[in-house]
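Visitor: Before I ask anything, let me first share the structure, which is written out below as structure tokens.
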Number of protein chains: 2
Amino acid sequence: MSVEIIGIAGLPEVGPGDDLGGLICQRAELEDGDVVVVTQKVVSKAEGRVVPIDTDDPRGHKALVERESVRVLRRRGDLIISETQHGFVCANAGVDLSNVAEGHAALLPRDPDRTARRIRDRIRAGAGVDVAVIVSDTFGRPWRCGVTDVAIGSAGISPILDLRGTTDALGRELEVTEVAIVDEIAAAADLVMGKARNVPVAVVRGVDRAWFGEGTVRSGLVRHPSEDLFR
Amino acid sequence: MSVEIIGIAGLPEVGPGDDLGGLICQRAELEDGDVVVVTQKVVSKAEGRVVPIDTDDPRGHKALVERESVRVLRRRGDLIISETQHGFVCANAGVDLSNVAEGHAALLPRDPDRTARRIRDRIRAGAGVDVAVIVSDTFGRPWRCGVTDVAIGSAGISPILDLRGTTDALGRELEVTEVAIVDEIAAAADLVMGKARNVPVAVVRGVDRAWFGEGTVRSGLVRHPSEDLFR
């Protein structure tokens, strides 16, 4: 069994209202069962979520981060770890100054699951193929240094693979039963995207077709604060 | 640019003292620049880290988890989130009852970075190729439901890709600068490993050769408690 991850380069610079799904159809030779991973940055640009900001005034950035947060969990220096309206816990509420024009900041898409659904529908209409779509972003995490890409939106794939009731190779019921496959796919896609290369889209080909299905990141993967041992 | 993830099946059942690196050489056609990902479970079996346990007595499991912990962070019901002697924060100190013989539990390898180094050396000696090696395990995390595979040991690859001083596609200095590439590779490998299939090894082919280098998970990726905003 093998899975292939293919970086899709050569997209033009994207702006508000651009047809991202259509651009992907033009650049990528998609097949049924592919998972198309699209970075938050290019989605935010297409959805007009890039806003002007006075980068010389740290208060402007801070105010923006607070506006995008529903709850601040931690502060250290300029860093704010907060919960967004989507339920994500991340640095600076996802407000990002890199890979956008000088004097601007990119905000998270308002509803990344909806974004994924629209791109999926657009690809089905444009290329006649049935794919899953993941919108990815780069988050830090407690306990471990460094960032990894995770899914902030998805369509056409179960965000969590539920193995409850299945058995291991020795026939014993599995303890670890819920695998966050959309996060694993987002992380895999980052292996060809990098942060500095201009590769905002990747195709992950060959994942288990049984993973295709219903669900959203928001309803399936975001942990409710009351269930979280660290909030 | 593309990356391929190839599952290596067909390894025999592994026991204490078995030559895991040698078995991998026999089953996989490795190339220079491959990253070989090996699951914790098969490493623990090869290193004699499977211990008998009275599975009918929950106190036995709990005592084992506490023995493998240096600090307990949270308890809820039977679940203990603790810090291991390696500095990992995970459920039940990594003590795992699945995919081991009835009445036994697998403990984490004592030094997974050393394990990775030994397998890497063994593959170089046996197959004449220069690969990186990652030992992976399945951890939960705060904020997000489900588990993902992460690296608990590595050799021949920088655990963190440090992009500080590099610029984005528009020439601006990057904000997100340290990418936990070994965790992303471990997550990618899980796409072909699954939890229920008998695929304890995967080869990740085509990652950026510039990522090959020095470092260990313990020294480079484990966050020191004093640097952690959530401990």
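Visitor: So which residues in the range A:1-36 are β-branched (Val, Ile, Thr), under 21 Å from A:Ile157 (Cβ atoms) and away from chain B (no Cβ under 11 Å), if there are any at all?
Guide: Restricting attention to the range A:1-36, the residues satisfying the condition of being β-branched (Val, Ile, Thr) are A:3, A:5-6, A:8, A:14, A:24, A:35-36.
Imposing the further condition that a residue be under 21 Å from A:Ile157 (Cβ atoms) reduces the set to A:3, A:5-6, A:8, A:24, A:35-36.
Matches in the range A:1-36: A:Ile24, A:Val36.
Visitor: Of all the residues that make up the range B:68-82, how many are closer than 18 Å to B:Gln40 by Cβ and over 21 Å from the mean Cα position of the chain (by Cα)?
Guide: Of the residues in that region, 0 qualify.
Visitor: Additional query: Considering every residue within the range A:83-100, establish whether at least one is modelled with pLDDT of 95 or more, within 19 Å of the chain's Cα centre (by Cα), surrounded by fewer than 17 Cβ atoms within 10 Å (Cβ to Cβ) and closer than 20 Å to A:Val42 by Cβ.
Guide: Within the range A:83-100, not a single residue is modelled with pLDDT of 95 or more, within 19 Å of the chain's Cα centre (by Cα), surrounded by fewer than 17 Cβ atoms within 10 Å (Cβ to Cβ) and closer than 20 Å to A:Val42 by Cβ.
Visitor: Being assigned to a strand (DSSP E or B) and at pLDDT 95 or above is the filter here; which residues of the range B:150-178 pass it? Let's see the steps before the verdict.
Guide: From the range B:150-178, those assigned to a strand (DSSP E or B) are B:150-155, B:157, B:161-162, B:167, B:173, B:178; that's our starting set.
B:Val150, B:Ala151, B:Ile152, B:Gly153, B:Ser154, B:Ala155, B:Ile157, listed by residue number.
Visitor: Any idea which of A:Val72, A:Val147 is touching a strand residue (DSSP E or B) at 6+ places or on another chain (Cβ under 7 Å), outside the structural domain of A:Arg27 (by TED's automatic domain parsing) and closer than 26 Å to B:Gly140 by Cα?
Guide: Details: A:Val147 fails: outside the structural domain of A:Arg27 (by TED's automatic domain parsing).
That would be A:Val72, the only listed residue that is touching a strand residue (DSSP E or B) at 6+ places or on another chain (Cβ under 7 Å), outside the structural domain of A:Arg27 (by TED's automatic domain parsing) and closer than 26 Å to B:Gly140 by Cα.
Visitor: Do any residues in the range B:126-150 that are on the phi > 0 side of the Ramachandran plot have Cβ atoms under 7 Å from those of residues that are not in a loop (DSSP other than H, G, I, E, B), where the two are at least six apart or on different chains, and which pairs are they?
Guide: B:Trp143/A:Val89; B:Gly146/A:Glu178; B:Gly146/A:Val179
Visitor: Within the range A:22-39, identify whether any single residue is in contact (Cβ under 8 Å) with a residue 24 or more places away in the chain, among the basic types (Lys, Arg) and closer than 21 Å to A:Ala151 by Cα, and answer yes or no.
Guide: There is no residue in the range A:22-39 that is in contact (Cβ under 8 Å) with a residue 24 or more places away in the chain, among the basic types (Lys, Arg) and closer than 21 Å to A:Ala151 by Cα.
Visitor: Could I ask something else about it? For the range B:200-216, which residues satisfy the criterion of being surrounded by 19 or more Cβ atoms within 10 Å (Cβ to Cβ) and either at pLDDT below 95 or out of contact with any Asp or Glu (no Cβ under 6 Å at 6 or more places or on another chain) (or both)?
Guide: B:Pro200, B:Val201, B:Ala202, B:Val204, B:Val207, B:Trp211
Visitor: Limited to the range A:181-219, what total is found for residues that are over 27 Å from B:Asp162 (Cβ atoms) and within 7 Å of chain B (Cβ to nearest Cβ)?
Guide: Result for the range A:181-219: 1.
Visitor: Do we find that B:Asp113 is in the same structural domain as B:Thr84 (by TED's automatic domain parsing) and charged (D, E, K, R) in this structure? Outline the logic, then answer.
Guide: Numbers: in the same structural domain as B:Thr84 (by TED's automatic domain parsing): no; charged (D, E, K, R): yes.
No; evaluated as a whole, the condition is false for this residue.
The values are calculated or read from the model by the stated rules, or taken from the named source; none is laboratory data. Bear in mind the structure is a predicted one, so any value in this text is a computation, not a measurement. Neighbour counts are summed over all protein chains in view; Cβ atoms, including those assigned to glycine, are modelled from backbone coordinates with ideal geometry.
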